[in-house]
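Written below as structure tokens is the structure these notes are about.
The values are calculated or read from the model by the stated rules, or taken from the named source; none is laboratory data. Since this is a predicted model, take the numbers as computed values, not measurements. Note that each Cβ is placed from the backbone with ideal geometry, even for glycine, and that neighbours are counted across all protein chains shown.
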Amino acid sequence: MLVAGFPAGALQANCYLLATGPGAECVIVDPGQDSLGPLAETLIKHELTPAAVLLTHGHFDHVFDATPTCDKFGVAAYIHPADKHLLSDPLAGISRESAAFFGGKLELTEPADLVEITDGQELELAGMRISVIHTPGHTAGSVFYRVETDDTRLIFAGDTLFAGSIGRTDLPGGDHTVMLETLRTRVLPLADDTIVLPGHGPHTTIGQERATNPFLQDLDDLPAAPKTGL
């Protein structure tokens, strides 16, 4: 398995490429702001051909270059329907202060070929089976993409889980109670050796986060949250 990535844009959101190996088809995860240049360089370096764009959630710093990427390579983008509206209305997912920074204008367009994904769905892309895990809390439509081989387990975690922290829940569409339920029911059950590739910052493992991440402590003692379509 080949995984390559780089941070892009003002908020340094991680963009990843995943393939079975060099010279193969690949999926592109979260092509955010200013990612087209380094994305092209990475494709050339590893002789990869894009097969799809996977979006962990709809915030602009993760989807900014989704449509240009899809248009350039003639591929579809995949997103949970609860975050679909953010592809064409990015201001709906950010704070008033952030909106003011952009002068109240931040225009994006939805990819022409857009596939809505659901929890538990198995995607067959670029010669790989990729599982979708709905992880609401940071946004209503946040997801993990999980890939497992004989010797590797990994998830693309978006802004749900970071090394030592979790995604903020105070933005439109965020919900802290729902996030805690996601952490309890969707993160803690994962195997300790699962590699976590987050939307910002360095990679980690579930075992490392289980042991040291303060947001993952004492979750089993919490009452179950109301059902939210998990």
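Being more than 16 Å from PRO136 (Cα to Cα) and at pLDDT below 95 narrows it down to one residue among PRO223, PRO202, PRO172; which is it?
None of the other options fit; the residue is PRO223.
Taken over the range 160-178, the criterion of being hydrophobic (A, V, I, L, M, F, W, C) and either under 18 Å from VAL132 (Cβ atoms) or more than 16 Å from the chain's Cα centre (by Cα) (or both) is satisfied by LEU161, LEU171, VAL178. Screening the candidates ASP113, ASP119 for the property of being out of contact with any Gly (no Cβ under 7 Å at 6 or more places or on another chain), more than 26 Å from ARG168 (Cα to Cα) and not hydrophobic (A, V, I, L, M, F, W, C) yields one hit, ASP113. Scan the range 139-166 for residues that are farther than 15 Å from THR204 by Cα, in contact with a strand residue (DSSP E or B) (Cβ under 8 Å, 6 or more places away or on another chain) and not in a strand (DSSP E or B) and the total you get is 2. Across the range 119-137, the qualifying residues are those that are in contact with a strand residue (DSSP E or B) (Cβ under 7 Å, 6 or more places away or on another chain) and in a loop (DSSP other than H, G, I, E, B), and the one among them that is surrounded by the most Cβ atoms within 10 Å (Cβ to Cβ) is THR135. For the range 1-35, filtering for residues that are more than 23 Å from PHE162 (Cα to Cα) and in contact with a helix residue (DSSP H, G or I) (Cβ under 6 Å, 6 or more places away or on another chain) leaves 1. Considering only residues in the range 173-197 that are in a loop (DSSP other than H, G, I, E, B) and of a type outside the set (D, E, K, R), the one that is farthest from ASP218 (Cα to Cα) turns out to be GLY173. For beta carbons closer than 6 Å, sequence separation of 6+ or different chains, a first residue in the range 112-129 that is within 18 Å of VAL63 (Cβ to Cβ) and a second that is part of a loop (DSSP other than H, G, I, E, B) and not basic (Lys, Arg), the qualifying pairs are ASP113/ALA76; VAL115/ALA76; ILE117/HIS80. Residues considered: ALA140, ALA157, ALA126. Of these, the only one that is among the small types (Gly, Ala, Ser) and more than 16 Å from the chain's Cα centre (by Cα) is ALA126. Hey, any hits in the range 91-112 for a residue that's under 16 Å from the mean Cα position of the chain (by Cα), at pLDDT below 95 and crowded, with 17+ Cβ neighbours inside 10 Å? Looking through the range 91-112, at least one residue is under 16 Å from the mean Cα position of the chain (by Cα), at pLDDT below 95 and crowded, with 17+ Cβ neighbours inside 10 Å. Sub-6 Å Cβ pairs linking a first residue in the range 35-62 that is more than 17 Å from LYS84 (Cβ to Cβ) to a second residue that is crowded, with 24+ Cβ neighbours inside 10 Å and of a type in the set (D, E, K, R), at least 6 apart or interchain, are SER35/ASP65; LEU36/ASP65, ordered by first then second residue.
Residues in the range 202-211 that are in contact (Cβ under 8 Å) with a residue 40 or more places away in the chain and among the small types (Gly, Ala, Ser): there are none.
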